[in-house]
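Trainee: Here it is: the structure, laid out below.
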Amino acid sequence: MPLSEPEISGNEWEYVKECLDSGWVSSVGDYVERFEKVVADYVGVKYAVAVVNGTSALHLSLLASGIKDNDEVIIPTLTFVAPANVIKYCGAHPVFMDSEEDTLCVDVSKVVEFLSNECESVNGDTYNKKTKRRVKAIIPVHIFGHPADMDVLVEISEKYNLDIVEDATESLGTEYKSRKTGTFGIVGCFSYNGNKIITTGGGGMVVTNDKGLAGKIRYLSTQAKDGSFEYEHSEIGYNYRLTNIQAALGVAQMERLEGFIAKKRESAALFENYFAEIDEVDFVFEKGYAKSNYWMNTIKVRKRDKNALMKYLLSKNIQVRPIWKLIHTLPMYKDCRAYSIEKAINAYDTCINIPCNIKLDQPQIKYITTMIKEYYS
């Protein structure tokens, strides 16, 4: 029983064949524009730029927002390593924050504490008093599809003149107070990796309401080519463009996104109901202000049970995985600032990802929870 697998049974084959028959298979073609438009319309923004993956979306967003050498960017330590890496690509420095216990997203109270106690305002910008570096942005990540507390983060960004570069790579379709994730910051970034809620086999998207930012991101993604004929380049650019074939997959997948979300939410409700009967297990469920896409189902168990339970479930043909190692503990980031990390440590010690497959049915969910119950019996 796989952790996740793509659901390819709509118009994907038809659209890809149409793309192949047209001869437009690379980064130019009608499907790229169609994919960008359907995503922009879906989340409710004016502009979308298709790129090769979620990492490139984050990288381009930081570059276009003006992140410079030696700037600092606030991110959670509990997330996939990509946002930390793109900060370093830009010559900047991550400042790692703790996680909230329930959502696993960035602990906004710790962010407020850090900015209030350890930073100061100089000529309208925020500087770290100890390092003397400019704190330029924050990258909130909607962990496993659950939204971060965006009201507080937006308030923080306005007070301290910080850009919000929203990592919505896991949360396409998720809503925070009836508003889609990816639309709260200056940009939002999505991923279409094979295990995401929709897939293009690999791909990403940047969404924004800022025409200038969208233009800059598109320009940088096309090797910073100045014109359509002569090979003139005024800046260092990147080959980050999505192909027309991948975009064709994306258009077909977007036609079914709402159905995928409904199915994952139905599965999550079943998991929560079954896990209510197991005292040793807590299911990570959405908060009252959220409508999660439940990209990745997650349970919390006792620290002493985590590894043994994973081994047991794997032996029962149930694919599970640990959550990410905390980034501040990785060797290349050990010298970076990690501010008061406590709850994230406990989350890593106790959390397990269990199957989140769109194809999961009630008997399979019952089997998973029964095997977990059997482990504790």
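Trainee: Can you name the residue in region 3-47 that is of a type in the set (S, T, N, Q) and more than 18 Å from the chain's Cα centre (by Cα) and, of all such residues, is surrounded by the fewest Cβ atoms within 10 Å (Cβ to Cβ)? Can you show your working first?
Mentor: As a first pass, look at region 3-47 and keep what is of a type in the set (S, T, N, Q): 4, 9, 11, 22, 26-27.
Filter once more, keeping what is more than 18 Å from the chain's Cα centre (by Cα): 9, 11, 22, 26-27.
Working: 9: 10, 11: 15, 22: 13, 26: 12, 27: 20.
Top of the filtered list is 9.
Trainee: In addition: Specify which of the listed residues (342, 272) is surrounded by fewer than 16 Cβ atoms within 10 Å (Cβ to Cβ) and farther than 29 Å from residue 179 by Cβ.
Mentor: Details: 272 fails: farther than 29 Å from residue 179 by Cβ.
The match here is 342.
Trainee: Among the residues in region 120-138, are any buried (at least 24 other Cβ atoms within 10 Å of the Cβ) and of a type in the set (Phe, Trp, Tyr)?
Mentor: Scanning region 120-138, I find no residue that is buried (at least 24 other Cβ atoms within 10 Å of the Cβ) and of a type in the set (Phe, Trp, Tyr), so the answer is no.
Trainee: Looking at residue 359 and the list (1) in a helix (DSSP H, G or I); (2) at pLDDT below 95, which single condition is not satisfied?
Mentor: (1)
Trainee: Quick check, is residue 342 over 19 Å from residue 170 (Cα atoms) and out of contact with any Leu (no Cβ under 7 Å at 6 or more places or on another chain)? Give the steps one after another, and end with the answer.
Mentor: Working: over 19 Å from residue 170 (Cα atoms): yes; out of contact with any Leu (no Cβ under 7 Å at 6 or more places or on another chain): yes.
Spelling it out, residue 342 is indeed over 19 Å from residue 170 (Cα atoms) and out of contact with any Leu (no Cβ under 7 Å at 6 or more places or on another chain).
Trainee: Before we move on, is residue 81 among the β-branched types (Val, Ile, Thr), farther than 24 Å from residue 57 by Cβ and surrounded by fewer than 24 Cβ atoms within 10 Å (Cβ to Cβ)? Even if it seems obvious, please write down each step before you answer.
Mentor: Details: among the β-branched types (Val, Ile, Thr): yes; farther than 24 Å from residue 57 by Cβ: no; surrounded by fewer than 24 Cβ atoms within 10 Å (Cβ to Cβ): yes.
Criteria not met by residue 81.
Trainee: Taking region 113-144 as the region of interest, how many residues are over 30 Å from residue 102 (Cα atoms), assigned to a loop (DSSP other than H, G, I, E, B) and within 29 Å of the chain's Cα centre (by Cα)? Steps first, answer last, please.
Mentor: The first filter runs over region 113-144 and keeps only residues over 30 Å from residue 102 (Cα atoms), leaving 120-125, 127, 129-134.
Next cut, assigned to a loop (DSSP other than H, G, I, E, B) only: 123-124, 129-133.
Checking which are within 29 Å of the chain's Cα centre (by Cα) leaves us with 131, 133.
Going through region 113-144 one residue at a time, the tally reaches 2.
Trainee: For the structure I just gave you, tell me whether residue 50 is crowded, with 18+ Cβ neighbours inside 10 Å and more than 21 Å from residue 196 (Cβ to Cβ).
Mentor: Details: crowded, with 18+ Cβ neighbours inside 10 Å: yes; more than 21 Å from residue 196 (Cβ to Cβ): no.
For residue 50, the condition - crowded, with 18+ Cβ neighbours inside 10 Å and more than 21 Å from residue 196 (Cβ to Cβ) - is not met.
Trainee: Out of region 145-178, which residues are over 14 Å from the mean Cα position of the chain (by Cα) and either aliphatic (A, V, I, L, M) or in a loop (DSSP other than H, G, I, E, B) (or both)? Please lay out each step first, then the result.
Mentor: Residues of region 145-178 over 14 Å from the mean Cα position of the chain (by Cα): 149-163, 176-178.
Answer for region 145-178, where residues must be over 14 Å from the mean Cα position of the chain (by Cα) and either aliphatic (A, V, I, L, M) or in a loop (DSSP other than H, G, I, E, B) (or both): 149, 150, 152, 153, 154, 156, 161, 162, 177, 178.
Trainee: Determine whether region 28-43 contains at least one residue that is of a type in the set (A, V, I, L, M) and in a loop (DSSP other than H, G, I, E, B). Break it down into steps so the answer makes sense when it comes.
Mentor: Applying the first criterion (of a type in the set (A, V, I, L, M)) to region 28-43 yields 28, 32, 38-40, 43.
With in a loop (DSSP other than H, G, I, E, B) added as a condition, the list becomes 28.
Looking through region 28-43, at least one residue is of a type in the set (A, V, I, L, M) and in a loop (DSSP other than H, G, I, E, B).
Trainee: At least 2 residues that are farther than 26 Å from residue 16 by Cα, in contact (Cβ under 8 Å) with a residue 12 or more places away in the chain and of a type outside the set (D, E, K, R) in each: list the helices (runs of 4 or more DSSP H) lying fully within region 199-297 that qualify. Before the answer, list the steps.
Mentor: Details: elements: 211-221, 244-254, 257-275.
The helices (runs of 4 or more DSSP H) meeting that bar are 211-221, 257-275.
Trainee: What number goes with the only condition from (1) over 30 Å from residue 344 (Cβ atoms); (2) assigned to a loop (DSSP other than H, G, I, E, B); (3) touching a helix residue (DSSP H, G or I) at 6+ places or on another chain (Cβ under 8 Å) that residue 67 does not pass?
Mentor: For residue 67, the failing item is (1).
Trainee: Return the residues of region 177-201 that are surrounded by fewer than 24 Cβ atoms within 10 Å (Cβ to Cβ) and farther than 19 Å from residue 356 by Cβ; say none if nothing qualifies.
Mentor: Narrowing region 177-201 to residues surrounded by fewer than 24 Cβ atoms within 10 Å (Cβ to Cβ): 177-180, 183-184, 186, 193-195, 199, 201.
Once the filter is applied, which keeps residues that are surrounded by fewer than 24 Cβ atoms within 10 Å (Cβ to Cβ) and farther than 19 Å from residue 356 by Cβ, region 177-201 yields 177, 178, 179, 180, 183, 184, 186.
Trainee: From the list 41, 98, exactly one residue is on the phi < 0 side of the Ramachandran plot and free of Cβ contacts under 8 Å to residues at least 12 places away in the same chain. Which is it?
Mentor: Details: 98 fails: free of Cβ contacts under 8 Å to residues at least 12 places away in the same chain.
The conditions single out 41.
The values are calculated or read from the model by the stated rules, or taken from the named source; none is laboratory data. Since we're looking at a predicted model, the values are computed, not measured. When we count neighbours, we look across all protein chains shown, and the Cβ atoms used for this are built from the backbone with ideal geometry, even at glycine.
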